[in-house]
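Visitor: Following this message is one structure expressed as structure tokens.
The values are calculated or read from the model by the stated rules, or taken from the named source; none is laboratory data. Keep in mind it's a predicted model, so treat the numbers as computed, not measured. FYI the Cβ positions are ideal-geometry reconstructions off the backbone, even for glycines, and counts take in every protein chain you see. Accessible surface areas use protein heavy atoms only, side chains included; no ligands, DNA or RNA. Shrake-Rupley method; radii C 1.70, N 1.55, O 1.52, S 1.80 Å.
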Amino acid sequence: MSDTETGLRTGRSSPDLGVIAVGIALITAAAVIYADAAQMSMAPLYAKIGPKVVPQIVAGGLALFGLLTVFGAFRGWFPAREEEDAAGAVWVAAGLGFTILSLILHFGFVAAMTALFACTSRAMGRRAFLVDAAIGAAIGLSVYLVFTKLLSLSLPQGPLESLL
């Protein structure tokens, strides 16, 4: 099979800078997680395994994947990317922005998840925005009820949640 049949870019003269950036971001996230885990204080344990272990394992995995990603960028292991969809990115950013804003302004968890689901669905190409908003509201309400009523955990409340 040739490179065009597999979609891989072996033999490229220059590495993919976008893939390198992703690899560096993974390595950076690993360093932050590891440093944060190292700052955890814990009581002396018999088995010497405590709350630091899982974050350190996650950090190690992220670092490994980051290094492999950077290495793969230089080796041409990744397929060529499709064209960018700027409108989709704008819809996702709008959904995230409204989610953050609705939590800051105390619109509540359900309103935030409704907007996030509807905007993300629109970014993926669906055109039924109101139907997606209704689906997002149903999912958000279900998650809210499970977390607050069954698990007794706290989620951001707004006008709708205060009725429940």
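Visitor: Could you tell me which residue of region 75-97 is nearest to C119 (Cα to Cα), considering only residues that are in contact (Cβ under 8 Å) with a residue 40 or more places away in the chain and within 21 Å of the chain's Cα centre (by Cα)?
Guide: Checked region 75-97; the qualifying residue nearest to C119 (Cα to Cα) is R81.
Visitor: Moving on to the next point. Of the residues that sit in region 10-47 and are over 30 Å from R75 (Cβ atoms) and either at pLDDT 95 or above or part of a helix (DSSP H, G or I) (or both), which one is least open to solvent (accessible area, probe 1.4 Å)?
Guide: Going through the qualifying residues, I end up with A37.
Visitor: Then there is this: Is there a residue in region 126-139 that is under 20 Å from the mean Cα position of the chain (by Cα), modelled with pLDDT of 90 or more and over 17 Å from W91 (Cα atoms)?
Guide: Looking through region 126-139, at least one residue is under 20 Å from the mean Cα position of the chain (by Cα), modelled with pLDDT of 90 or more and over 17 Å from W91 (Cα atoms).
Visitor: Considering only residues of region 74-96 that are closer than 28 Å to T120 by Cβ and open to solvent by less than 30 Å² (accessible area, probe 1.4 Å), which is modelled with the lowest pLDDT?
Guide: Only one residue tops the list, namely G88.
Visitor: Does any residue in region 144-164 that is closer than 14 Å to M113 by Cα come within less than 8 Å, Cβ to Cβ, of a residue that is among the β-branched types (V, I, T) and surrounded by 15 or more Cβ atoms within 10 Å (Cβ to Cβ) six or more places away or on a different chain, and which pairs are these?
Guide: Y144/V110; L155/T148; G158/V110; L160/V110; E161/V110; E161/T148
Visitor: Please go through (1) in a loop (DSSP other than H, G, I, E, B); (2) small (G, A, S); (3) open to solvent by 50 Å² or more (accessible area, probe 1.4 Å) for G50 and return the number of the only condition it doesn't satisfy.
Guide: The single condition G50 does not satisfy is (3).
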